[in-house]
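Peer 1: For reference, the structure I am asking about is given below.
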């Protein structure tokens, strides 16, 4: 009945079958367990029937807690405590996402169909009036009146909900009342014109959102189908989905780790870049933990599975990201404030016109003009749509106008290191030796056939200096230390200080100091020895992305007050890069949840924080930041999924393009607002004087639309700020 799914000191997750979709039992468990001394947190997930307990091990242990839970489960239930059958079942996140997608797909198709029908009727009206020269009936029961009323139904539904459910008065009610009144007084064609423009604006907004969603790929996946499990001395190919805790999984060079577990046999170098963001492989051996998603670069491991499937560290990170996204509150858009002002102004203008002129026709004209939603819908949405389209042409995905609007004024920027500020390609930047060419000859000869990234960097540095390495040698890879090779009958060793120490070689004071200085500057120190002589040390680091310095300088010049480095890499390496680039702060050696915690902390002291990253290890931080930017090319799909903005080509200079587009879009939308409100005010004056008829008042909507579309289309030619 109670199954332990995951446990760490002070925290346990239990699977309890009766808890699934049982709100009454969840309430009882939370209420009773919260009173137990030593329990500091109780969380129930009704979707999958799990209970998460956080407790102090010095006061209570898991066995005692399970005994209390069993006692609660054994208690008889009655009508007061039994699950409410009338309550709809509580869905898990996956079910909610699927339901939401189905609803969005149905809503999108419904909008397209509705707008298509309006277009067909508009074509009929134009043909009848302008080609056939026959008038259009506009009474409430005429075809035009019925079509206008049908087209107004979504707006009427929104107005009803806001009035009787949300208990607030918005421009929706004002517009709905105006349209119904226009239909009733025989101005159905005027109402139809407004409804057509309204549907076009809403469809445009929906199109922007759906286009962004189509660009977002599937969430995190291991991309593994099968794994090898050792059973009674025989390796059996097993689907990853069928792996169970306790299985002994065999992983070889070039394979991904499919489970979280402990190494029982073997040793290997693992790339944990997807987990921690560290660029260099990590040497692991007997008894150490490994995580699903790690890549085995050298060696063979026998791993006893502890967590599999949805319980792996990587899967839990994805779940945390999903939960973090669910908690994001929608931001209030600038159009809401303008809509509220227009609502008050429209009501006042309509009532004043009716009182002063005692003309229902004039009052209706003013009402129709002021109920025009173009200024609050199309003014911003068309500018946003044009900016997003322009960004897409530059390989930049922006998932909504809120993010586009905010990034232009962000005052704090945080960057990941590897894959964001630096590439994943290392380079030799320092050679400390009495004879650099001699050192590079022996080093490149020993590393010539080694597939390791550091080996490629050494060979490339030798080639750049015109050093031709020996083409044939025998080499041995020493896990976690380096390479030993035979070149021209001589022994060459390349690696860290541990390799030299294991061979009984001692560093001179000068070389030791040089290695320490390289490490302090954020470089990886690689020593080279020939036979029993240490020739020198190489300083290797990952290359800065093109345009990094220029981008950071431009951000500073553009008003950004704080730029930070948030990395899972070694502190010495990250701090060296931070000093080189002149950043304000460096937070290094962090796990994904630590990165997210740093982002939460920094956001307390700034108005808008932007987090820029590329890997799975950045996903939590991206979702916590007010604006998350993913470096897409070569980056992880989960990072792109949770980010608000994705740079598909990983050109960091595109951050400046996004900022420029943000400011240009804001200027354009402000211009649109001025144009829309200006024509509204002119229309009010002309309508109140009786110069404009209700039909001509409806034409104000078309003037709004054309002017706004023309102005917003200028963003399609955006080339960047000078």
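Peer 1: Working carefully through the options 568, 547, find the one that is touching a residue at least 12 places away in the same chain (Cβ under 8 Å) and surrounded by fewer than 24 Cβ atoms within 10 Å (Cβ to Cβ).
Peer 2: Details: 568 fails: surrounded by fewer than 24 Cβ atoms within 10 Å (Cβ to Cβ).
Unique residue meeting the criteria: 547.
Peer 1: Residues that are assigned to a helix (DSSP H, G or I), at pLDDT 85 or above and in contact with a strand residue (DSSP E or B) (Cβ under 8 Å, 6 or more places away or on another chain): does segment 604-623 have at least one?
Peer 2: From segment 604-623, those assigned to a helix (DSSP H, G or I) are 616-623; that's our starting set.
Restricting the remaining residues to those that are at pLDDT 85 or above gives 621-622.
From what is left, the residues that are in contact with a strand residue (DSSP E or B) (Cβ under 8 Å, 6 or more places away or on another chain) are 621-622.
Yes, segment 604-623 contains a residue that is assigned to a helix (DSSP H, G or I), at pLDDT 85 or above and in contact with a strand residue (DSSP E or B) (Cβ under 8 Å, 6 or more places away or on another chain).
Peer 1: Can you tell me which residues in segment 231-240 are surrounded by 11 or more Cβ atoms within 10 Å (Cβ to Cβ) and not in a strand (DSSP E or B)?
Peer 2: Selection gives 240 alone.
Peer 1: Continuing with this model, one more query. Go through segment 173-222 and report how many residues are modelled with pLDDT under 70 and more than 28 Å from residue 123 (Cβ to Cβ).
Peer 2: 12
Peer 1: Hey, residue 129 hits all of (1) over 12 Å from residue 183 (Cβ atoms); (2) at pLDDT 85 or above but one; which does it fall short on?
Peer 2: Checking residue 129 against (1) over 12 Å from residue 183 (Cβ atoms); (2) at pLDDT 85 or above, the one that fails is (2).
Peer 1: What do you reckon, is residue 316 at pLDDT below 70 and either assigned to a strand (DSSP E or B) or touching a strand residue (DSSP E or B) at 6+ places or on another chain (Cβ under 9 Å) (or both)? I'd like the intermediate steps shown before the answer.
Peer 2: Numbers: at pLDDT below 70: yes; either assigned to a strand (DSSP E or B) or touching a strand residue (DSSP E or B) at 6+ places or on another chain (Cβ under 9 Å) (or both): yes.
Yes; evaluated as a whole, the condition is true for this residue.
Peer 1: Would you check which residues across segment 389-412 are in a helix (DSSP H, G or I) and under 23 Å from residue 560 (Cβ atoms) and list them?
Peer 2: Here is the first cut: in segment 389-412, the residues in a helix (DSSP H, G or I) are 389-393, 401-407.
390, 391, 401, 402, 403, 404, 405, 406, 407 - these are the residues of segment 389-412 that are in a helix (DSSP H, G or I) and under 23 Å from residue 560 (Cβ atoms).
Peer 1: Name the residue, out of 621, 557, 585, that is touching a helix residue (DSSP H, G or I) at 6+ places or on another chain (Cβ under 9 Å), free of Cβ contacts under 8 Å to residues at least 40 places away in the same chain and not assigned by TED's automatic domain parsing to the domain that holds residue 496.
Peer 2: Numbers: 621 fails: free of Cβ contacts under 8 Å to residues at least 40 places away in the same chain; 557 fails: touching a helix residue (DSSP H, G or I) at 6+ places or on another chain (Cβ under 9 Å).
Exactly one of 621, 557, 585 is touching a helix residue (DSSP H, G or I) at 6+ places or on another chain (Cβ under 9 Å), free of Cβ contacts under 8 Å to residues at least 40 places away in the same chain and not assigned by TED's automatic domain parsing to the domain that holds residue 496, namely 585.
Peer 1: Which one of these does residue 475 not meet: (1) free of Cβ contacts under 8 Å to residues at least 40 places away in the same chain; (2) more than 18 Å from residue 534 (Cβ to Cβ); (3) out of contact with any helix residue (DSSP H, G or I) (no Cβ under 9 Å at 6 or more places or on another chain); (4) surrounded by 15 or more Cβ atoms within 10 Å (Cβ to Cβ)?
Peer 2: Among (1) free of Cβ contacts under 8 Å to residues at least 40 places away in the same chain; (2) more than 18 Å from residue 534 (Cβ to Cβ); (3) out of contact with any helix residue (DSSP H, G or I) (no Cβ under 9 Å at 6 or more places or on another chain); (4) surrounded by 15 or more Cβ atoms within 10 Å (Cβ to Cβ), residue 475 violates only (3).
Peer 1: If residue 406 meets every condition in (1) more than 29 Å from residue 198 (Cα to Cα); (2) under 20 Å from the mean Cα position of the chain (by Cα) apart from one, which number is that one?
Peer 2: All conditions pass for residue 406, except number (1).
Peer 1: Contact list please: Cβ distance under 7 Å, first residue in segment 391-403 and within 14 Å of residue 666 (Cβ to Cβ), second residue at pLDDT below 75 and part of a loop (DSSP other than H, G, I, E, B), pairs at least six apart or on different chains.
Peer 2: From residues that are within 14 Å of residue 666 (Cβ to Cβ), the pairs are 402/331; 402/333.
Peer 1: Quick check on segment 494-508. Is at least one of its residues closer than 22 Å to residue 271 by Cα and part of a strand (DSSP E or B)?
Peer 2: Going through segment 494-508, the residues closer than 22 Å to residue 271 by Cα turn out to be 494-499.
From what is left, the residues that are part of a strand (DSSP E or B) are 494-495.
Yes, that holds for at least one residue.
Peer 1: Okay, next question. From (1) touching a strand residue (DSSP E or B) at 6+ places or on another chain (Cβ under 6 Å); (2) not in a helix (DSSP H, G or I), pick out the condition that doesn't hold for residue 491.
Peer 2: Unmet for residue 491, out of (1) touching a strand residue (DSSP E or B) at 6+ places or on another chain (Cβ under 6 Å); (2) not in a helix (DSSP H, G or I): (1).
Peer 1: Could you check segment 595-606 and list, in sequence order, the residues that are closer than 15 Å to residue 618 by Cβ and touching a helix residue (DSSP H, G or I) at 6+ places or on another chain (Cβ under 9 Å)?
Peer 2: Matches in segment 595-606: 595, 596, 597, 598, 599, 600.
Peer 1: Picking from 536, 515, which residue would you name as being assigned by TED's automatic domain parsing to the domain that holds residue 502 and part of a helix (DSSP H, G or I)?
Peer 2: Values: 536 fails: part of a helix (DSSP H, G or I).
Within the list 536, 515, the selection yields 515.
Peer 1: Also, quick follow-up: Has segment 422-439 got any residue that is in contact with a helix residue (DSSP H, G or I) (Cβ under 9 Å, 6 or more places away or on another chain) and assigned to a helix (DSSP H, G or I)?
Peer 2: Within segment 422-439, one or more residues are in contact with a helix residue (DSSP H, G or I) (Cβ under 9 Å, 6 or more places away or on another chain) and assigned to a helix (DSSP H, G or I).
Peer 1: While we're looking at this one, here's another question. Pick out the one residue from 646, 630 that is under 20 Å from residue 423 (Cβ atoms), at pLDDT below 80 and surrounded by 22 or more Cβ atoms within 10 Å (Cβ to Cβ). Write out each step before concluding.
Peer 2: Working: 630 fails: at pLDDT below 80.
That would be 646, the only listed residue that is under 20 Å from residue 423 (Cβ atoms), at pLDDT below 80 and surrounded by 22 or more Cβ atoms within 10 Å (Cβ to Cβ).
The values are calculated or read from the model by the stated rules, or taken from the named source; none is laboratory data. Note that the structure is a prediction, hence the values are computed from the model and not measured. No Cβ is skipped: glycine too gets one built from the backbone with ideal geometry, and neighbour counts run over all protein chains shown.
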